[in-house]
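Derivation of every value follows stated rules applied to the coordinates shown; laboratory data play no part. Please read all numbers here as calculations on a predicted model, not as lab measurements. Quick reminder, even Gly has a Cβ in these numbers, built from the backbone with ideal geometry, and neighbours come from all protein chains shown.
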Amino acid sequence: MAANPLYHDIILEHYEYPRNKGEVQEPDAKSRGANAMCGDDLVVSLRLDSQAAALENIAWNGHACAIGEASASMMTDAVKGGPNENARRWLKTVRGLLTNKPDDIDPSIELGDIEALEGIKHYPVRIKCALLAWEALDEALRLAETKRGVAGG
C-alpha cells in the first residue's frame, strides 16, 4: 500500500485506466455529481433491464480528481449487471466505509478494489470526492425507477 492512502496504487490504476467511462446509449436516467469547491463534475448514466430490476448498463463521464474518477470507475465495476437492490447495498456500504459507520457496511459484500478507498475516511475534505459518483448513482437509479414505474429503495 502506498504511504499516502489518498494515492493508493489501486486508486491510481483506476484513475489512469478507468472502467466504464463514457455514456450509456438510450439511458433511462442520468445524474450529475458536481463539487463546485474543487471543480469535480461527473455524470452517471444508466439503463435498467427489461424488468427494470437490474442495471443493464452504467457508465460515467466527466472530470474529477484522481479519487473521484477512480471511485466512479470502481462503482460502475461493482454494480454493472447487478440488481438495483445490490447497487443500493453497495451505496450504503461505501458510505459507511468512507464515513466510518461500520454498522452500514454489509459484511456479505466483497469490497475488492473498493477497499482502497477506506483510507480516505481520514481525510474528511476528500470524502465528497470519493462519494460523488455514488451519490449520482443513487439519484440516477431513483429517476430511472420512477420513469419505468418501479418502486425503488
Of 38-48, 78-88, 125-135, 141-151, ordering from highest average Cβ density within 10 Å down gives 125-135, 38-48, 78-88, 141-151
Once the Cα gyration tensor of the stretch 5-148 is diagonalised, semi-axes √(5λ) in Å
23, 17, 13
Taking a crude spin-label model, label points 7 Å out from Cα along the C-beta direction, the A36 to L12 distance in nm is 3.4 nm
Lysines whose Cα lies under 19 Å from that of K92, excluding same-chain neighbours fewer than 8 positions away:
K80, K101, K121, K128
